[in-house]
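The values are calculated or read from the model by the stated rules, or taken from the named source; none is laboratory data. For clarity, every value in this text was computed on a predicted model and none was experimentally measured. Ideal geometry is used to build each Cβ from the backbone, glycine not excepted, and the neighbour counts take in all protein chains shown.
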Amino acid sequence: MQKLLLFVDKVSTWIGQAFSFFIVLLTLHVTWEVFARYALDAPRAWAFDVMIMFYGTLFMMAGAYTLSKNGHVRGDVLYGFFRPRTQATLDLTLYIVFFIPGVFALTYAGYYYAADSWRINEHSNITYEGPPYYPFKTVIPVAGAILFAQGIVEIVRCIICLKQGYWPSREVDVEEVNVDKLKEMVHVKDEDIQKLDEFVVKQEAHR
């Protein structure tokens, strides 16, 4: 069971990492648009629509990834003090009552939403010659289905935690830098850092 849970985590992680490059595309797109608008005096009317679609795609496709890393926002003021079984009971209730119905509705309605967009060959009407919307709207049911699958995994994790009393492991991804561990890896001591700071201060004073 743990292997299956980690496999779904890996799929969600791979998808999230793959679509994370949309932020690079969005940055390049915005940079070029600003340059074209103010330096070349050649703005593109459809640029704003593309910005929305890039960011929306990134936001939706990262949902399952964030859930797999337990990274969604929650009120930790009290939750962090609960025992694992209490946390699992609360999470399981919220998943069943809110998450599953909501994400299922999103996926179900999103499918017909996207299908209608393909059927009418929908394009943006915000600007003249707006780009097609149907590829972007297709992301809605796809992201919903992936998020739904990850939600099932989280429900299974809650059940396992209720049985064994602690949370099962998750797929490890990017973590914050542990400064002390980094110092050990590069064999640097606090005294060395202090000496370097003093050296830099002296160099600046001589300028």
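State which residue pairs qualify: first residue closer than 13 Å to P132 by Cα and inside the range 31-52, second residue surrounded by 14 or more Cβ atoms within 10 Å (Cβ to Cβ) and among the charged types (D, E, K, R) in any location, beta carbons under 6 Å apart, and separation of 6 or more residues or different chains.
Matching pairs, first to second residue: A47/E33.
Looking for whichever is in contact with a helix residue (DSSP H, G or I) (Cβ under 8 Å, 6 or more places away or on another chain), of a type in the set (A, V, I, L, M, F, W, C) and on the phi < 0 side of the Ramachandran plot here; the options are I159, I120. Which one fits? Reasoning before the result, please.
Numbers: I120 fails: in contact with a helix residue (DSSP H, G or I) (Cβ under 8 Å, 6 or more places away or on another chain).
Only one candidate qualifies: I159.
If you check every pair at least six apart or on different chains, which have Cβ atoms under 8 Å apart with a residue in the range 81-94 that is surrounded by 14 or more Cβ atoms within 10 Å (Cβ to Cβ) first and a residue that is modelled with pLDDT under 90 and part of a helix (DSSP H, G or I) second?
Once the first residue is surrounded by 14 or more Cβ atoms within 10 Å (Cβ to Cβ) and sits in the range 81-94, its partners that are modelled with pLDDT under 90 and part of a helix (DSSP H, G or I) give Q87/Y79; L90/Y79.
Residue-by-condition table, conditions (1) modelled with pLDDT of 90 or more; (2) more than 24 Å from L6 (Cβ to Cβ); (3) in contact with a helix residue (DSSP H, G or I) (Cβ under 6 Å, 6 or more places away or on another chain):
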site	(1), (2), (3)
L28	yes, yes, no
V34	yes, yes, no
R44	no, yes, no
G56	yes, yes, no
T86	yes, yes, no
G110	yes, yes, yes
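From T66, T27, T57, which residue is closer than 30 Å to K163 by Cβ and not acidic (D, E)?
On the way: T27 fails: closer than 30 Å to K163 by Cβ; T57 fails: closer than 30 Å to K163 by Cβ.
T66 is the lone residue from the list that is closer than 30 Å to K163 by Cβ and not acidic (D, E).
Just checking, does the range 67-75 include any residue being in contact with a Gly (Cβ under 6 Å, 6 or more places away or on another chain), among the small types (G, A, S) and either surrounded by 13 or more Cβ atoms within 10 Å (Cβ to Cβ) or modelled with pLDDT under 90 (or both)? Walk me through it before giving the result.
Here is the first cut: in the range 67-75, the residues in contact with a Gly (Cβ under 6 Å, 6 or more places away or on another chain) are none.
No, because not a single residue in the range 67-75 is in contact with a Gly (Cβ under 6 Å, 6 or more places away or on another chain), among the small types (G, A, S) and either surrounded by 13 or more Cβ atoms within 10 Å (Cβ to Cβ) or modelled with pLDDT under 90 (or both).
Could you list, in sequence order, the residues of the range 53-68 that are closer than 20 Å to Y134 by Cα and either touching a residue at least 24 places away in the same chain (Cβ under 8 Å) or assigned to a loop (DSSP other than H, G, I, E, B) (or both)?
Applying the first criterion (closer than 20 Å to Y134 by Cα) to the range 53-68 yields 53-62.
M53, F54, Y55, G56, T57, L58, M60, M61, A62 - these are the residues of the range 53-68 that are closer than 20 Å to Y134 by Cα and either touching a residue at least 24 places away in the same chain (Cβ under 8 Å) or assigned to a loop (DSSP other than H, G, I, E, B) (or both).
I need a count of the residues in the range 38-52 that are more than 25 Å from S20 (Cβ to Cβ) and in a helix (DSSP H, G or I).
Total meeting the criteria: 1.
Those residues that are among the hydroxyl-bearing types (S, T, Y), crowded, with 16+ Cβ neighbours inside 10 Å and in contact (Cβ under 8 Å) with a residue 60 or more places away in the chain, I need them from the range 95-132; list them, please.
Within the range 95-132, the first condition is being among the hydroxyl-bearing types (S, T, Y), and the residues that meet it are 95, 107-108, 111-113, 117, 124, 127-128.
With the extra rule that they be crowded, with 16+ Cβ neighbours inside 10 Å, the set shrinks to 95, 107, 111, 117, 124.
Scanning the range 95-132 gives Y95, S124.
Please tell me if G56 is loosely packed, with under 13 Cβ neighbours inside 10 Å and among the small types (G, A, S). Lay out the reasoning, then the answer.
Values: loosely packed, with under 13 Cβ neighbours inside 10 Å: no; among the small types (G, A, S): yes.
No: the conditions fail for G56.
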